[in-house]
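The values are calculated or read from the model by the stated rules, or taken from the named source; none is laboratory data. On a predicted model such as this, the values are computed, not experimentally measured, just so you know. Positions of Cβ are backbone-derived with ideal geometry, glycine not excepted, and every protein chain shown enters the neighbour counts.
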Amino acid sequence: MRFFVFFVLSTFSVCETSPSRSVFTNHWAVRITGGPEEADKLASKYGFTNLGQIGGLEDHYHFHHSRVVRRSTFATRGTHSFIHMDPKVDWIQQQIVKSRVKRYARSDPNFIYFNDPKWSNMWYIHCSDKNSRCRSEMNILAAWQRGYTGRNVVVTILDDGIERNHPDLAQNYDQLASYDVNGNDHDPTPRYDSSNENKHGTRCAGEVAAVANNSHCIVGIAYNARIGGIRMLDGDVTDVVEAKSLGIRPDYIDIYSASWGPDDDGKTVDGPGPLAKQAFEVGIKKGRKGLGSIFVWASGNGGRQGDHCSCDGYTNSIYTISVSSSTENGNKPWYLEVCSSTLATTYSSGEFYDRKIVTTDLRQRCTDGHTGTSVSAPMVAGVIALALEANPLITWRDVQHLLVKTSRPVHLKANDWKTNAAGHKVSHLYGFGLVDAEAMVLEAKKWRSVPPQHICTKISDRRTRYIRPDQKLNASMSSTGCSEQPEQQVVFLEHVVVRVLIVHPRRGDLEISLISPSGTRSQLLAKRLFDNSNEGFRNWEFMTVHCWGERAEGTWTLEISDSPSQLRNPEVLGKLKEWTLILYGTVEHPYQSQGSQHSRSRMLEIPSIKGPEPSPGTPQHEDEEEEEFKMLFCITAAVLFLSHPSNVLSFFLCFSSLLLSFHRTCVSHCPLGYFENIEARRCRRCHRGCETCVGHGLNECRSCRRGLYFYTEENSCVEACPTSYFKPHCILFSLSLYLSCCSLAGMTCVPECANGTFFNLEEMKCSPCHISCSTCTGPFTFTSALFCLFCYVIFSCLMSFSTNGIFPVSSIDSSIYCVPYNTL
């Protein structure tokens, strides 16, 4: 069994091309069964330090060896190497450094860069300049006017950190959605230097959730969303670092936004390693309590180098939403990469005379120079946050369907726009078009979760086919959509993946296309002038969304062209050794009503808002006329009727209610913000601000929505605790009560932990302090802002004084901590 696990994991590595010279670190990923205690024992046995579980990957641990060279061009051997042979180790991998670049477009070297500040001119959201040709087809303002601003949605930026005390971010900053993977602590603040190198994450964060109406900088697209940051690009990027980052609190964080990837140099073929791939899979299966984490990715900035984003395994994944960019006039930006995996597009920068994006910047400043596809991923993350506020029960696949259905070509210029057999207009430059925030929220309100995803796989015969220069190789495969296997059958397509094993003397000369049974052509790979590699493609996966909604059954054709751009040995031919067709989709049509199947859906429709539209920034949907939803499954009522005809009334009420309420849905339980009315068999809305409640009244709340505080004396939700009360539950202040009810982690009140333990914000549980401490606020380390406490009072919220041989020490975040004299 251990050998099988090792074999399966090792096969992942053939899907990416390693850099020509690997850099080995002193970090290892290890798979050990038996729990953390067993991992600690093995780490100690061979001189390692166990840094804990890798994100959400069970039985996978992060080991560090302090006596191994931190960076080396070869794998260091020593006594620690014997861990590879330990029978308790299922799998182990020394981590290598991965090249990851931030996807903002650097200044065009052919033009002088202009920096003309226009802090209030957010042309991509609204048109305030009557003389300009500005456009606002993303309809963000219209979504705000309908009352959607991202409230109760959590977005985190995977990048080089975010400036959490920035005046335009501080109010929406969420500590629980943040972590410093590079520094192994809870503070994602960027490392400052003279060049402001680590500005990227802060810029992306401002696009999503910059605070509105605070007279500073800009307004974020989801300006009431919670924003966090994962600092993971300011150091060696390894498979462990990526897997940890992708797995931070998946039940708490809704959307992960990433504007980085492998080098956009036109010659790299690289993607997530085995651990990061598992982290993606765990995220979509278990994240958001089973609804699936949402991963948004910038498509890449290698256009000038002739790069193709199908050679990027992150944007090429079915689990990510790959986002492209357009200039304000609908032109293709000079940095844009084209590929068939792109889903949607937003505005961004273009030539030197095109306007760029205004956003937050380092050192509490703002900038009007944010550029590239780095802009587009956070914009779409913000739009998705609006849709999640409209309907928090949509799944990760629902979000992709919503983007396909609501994005529009508008004025985006491309010569490859086509309409596929399902009626969707799609382009290799822009996917399904410019995102439409208003259409997203309107569609999300009435959305019914799509049917379950099925996967149909077919492998070609193992006959080698030669790829001859200046000729086309056509390899066809007939598919029934696995109709003979009901659990795998695909009738209506979503993603289509082609896995190829190709040997070739110069990889950059290849062009690959896939033609669907309906005749839709997807360009999986274009020529890449700078790609001189002779490694070919070793089980590399190309993905296309251009067949979305089409039928799977029929003949699929893989077309490969070889156009030599340099003098080559004519006797050395390329070879297609094997290709695999992987079809993802559903048996039922995703948008047509399926009767009782939809009554089992987790979706709840929220009716359209009636009356005049409110002004921007004034959410209205919580003040709507009370909406009601059925609590019981209609199908259950039908079964009761069939077995007991006397129950005809209950079945009729359920059925007729659905007809008379514009597709209202029967559900098994009420969502957050509603309570169960048993007598009426309906879900009724709680009072405004209540997340859970027992009735509609102001004083019938049991918990509050994010950003509000629970006032225990009145069972209500308030924006601020009354005088002499403290957060997060407004409880009357008493020193003895305060010391017994909670301890501090930063400035967040958390549940009480026993002496010798602290509340671990990463694991959301009590963890042991250092052996020398009787109480603490975190693990003992001088590189972290969380220090061991050897004291019996909470200095952070009360007063600072010395006792029992200890003294206060100021940390970088101005909190006060106590440490023993002999530790300094």
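For the reader, a short list of remarks on this structure follows.
- Ala475 being hydrophobic (A, V, I, L, M, F, W, C), part of a strand (DSSP E or B) and more than 29 Å from the chain's Cα centre (by Cα): yes
- Test: residue in the stretch 197-204 that is surrounded by fewer than 24 Cβ atoms within 10 Å (Cβ to Cβ) and either outside the structural domain of Ala276 (by TED's automatic domain parsing) or in contact (Cβ under 8 Å) with a residue 60 or more places away in the chain (or both): yes
- Listed by first and then second residue, the pairs with beta-carbon distance under 8 Å, at least 6 apart or on different chains, first residue in the stretch 689-715 and outside the structural domain of Ala225 (by TED's automatic domain parsing) and polar (S, T, N, Q), second modelled with pLDDT under 80 and not in a strand (DSSP E or B), are Thr692/Leu672.
- Residue within the stretch 439-449 that is among the acidic types (Asp, Glu) and not in a helix (DSSP H, G or I) present: no
- Arg448 vs. criteria modelled with pLDDT under 95 and either touching a helix residue (DSSP H, G or I) at 6+ places or on another chain (Cβ under 6 Å) or among the hydrophobic types (A, V, I, L, M, F, W, C) (or both): yes
- Residue-level check: of (1) closer than 26 Å to Trp123 by Cα; (2) surrounded by 24 or more Cβ atoms within 10 Å (Cβ to Cβ); (3) of a type outside the set (Ser, Thr, Tyr); (4) touching a Pro at 6+ places or on another chain (Cβ under 9 Å), Asp254 misses just (1).
- Some residue of the stretch 73-90 being part of a loop (DSSP other than H, G, I, E, B) and among the polar types (S, T, N, Q): yes
- Residue count for the stretch 465-507 under the criterion of being surrounded by fewer than 15 Cβ atoms within 10 Å (Cβ to Cβ), under 21 Å from Tyr584 (Cα atoms) and either of a type outside the set (D, E, K, R) or touching a Pro at 6+ places or on another chain (Cβ under 7 Å) (or both): the result is 5.
- Residues of the stretch 410-464 satisfying the condition of being within 21 Å of the chain's Cα centre (by Cα), buried (at least 22 other Cβ atoms within 10 Å of the Cβ) and small (Gly, Ala, Ser): Gly431, Gly433, Ala437, Ala444
- All positions within the stretch 269-281 that are out of contact with any Phe, Trp or Tyr (no Cβ under 8 Å at 6 or more places or on another chain) and crowded, with 24+ Cβ neighbours inside 10 Å: Leu275, Ala276, Ala279
- Flag: Glu535 does not match the condition of being surrounded by fewer than 18 Cβ atoms within 10 Å (Cβ to Cβ), charged (D, E, K, R) and more than 32 Å from the chain's Cα centre (by Cα).
- Filtered by the rule that a residue be in contact with a Phe, Trp or Tyr (Cβ under 7 Å, 6 or more places away or on another chain) and among the aliphatic types (A, V, I, L, M), the stretch 382-401 gives Leu386, Ala390, Ile394.
- None of Gly306, Gly302, Gly235 is without any contact (Cβ under 8 Å) to a residue 60 or more places away in the chain, farther than 27 Å from His401 by Cα, in contact with a helix residue (DSSP H, G or I) (Cβ under 9 Å, 6 or more places away or on another chain) and surrounded by fewer than 24 Cβ atoms within 10 Å (Cβ to Cβ) except Gly235.
- Of residues in the stretch 224-250 being assigned to a loop (DSSP other than H, G, I, E, B) and over 12 Å from the mean Cα position of the chain (by Cα), the one nearest to Gly382 (Cα to Cα): Ala225
- When Ala29 is tested against (1) modelled with pLDDT under 90; (2) touching a Phe, Trp or Tyr at 6+ places or on another chain (Cβ under 9 Å); (3) surrounded by 13 or more Cβ atoms within 10 Å (Cβ to Cβ), only condition (1) is not met.
- Inter-residue pairs, beta-carbon under 8 Å, first farther than 30 Å from Val399 by Cβ and in the stretch 474-503, second in a strand (DSSP E or B) and of a type in the set (Lys, Arg), 6+ apart: Ala475/Arg465; Met477/Lys458; Leu501/Arg538; Leu501/Lys577; Ile502/Lys575; Ile502/Lys577; Val503/Lys575; Val503/Lys577
- For the stretch 353-367, the condition holds for at least one residue, the condition being that it is more than 19 Å from His200 (Cα to Cα) and modelled with pLDDT under 90.
- Within the stretch 253-267, tally of residues that are modelled with pLDDT under 95 and part of a loop (DSSP other than H, G, I, E, B): 7
- Output for the stretch 285-303, where each listed residue is assigned to a helix (DSSP H, G or I) and more than 22 Å from Cys204 (Cβ to Cβ): Lys285, Lys286, Lys289, Gly290
- Qualifying residue in the stretch 183-191 (condition: free of Cβ contacts under 8 Å to residues at least 60 places away in the same chain and either in contact with a Pro (Cβ under 7 Å, 6 or more places away or on another chain) or closer than 17 Å to Gly52 by Cβ (or both)): no
- Residues in the stretch 333-390 that are farther than 15 Å from Tyr430 by Cβ, in contact with a strand residue (DSSP E or B) (Cβ under 9 Å, 6 or more places away or on another chain) and in a strand (DSSP E or B): Ile357, Val358, Thr359, Thr360, Asp361, Cys366, Thr367, Asp368, Gly369, His370.
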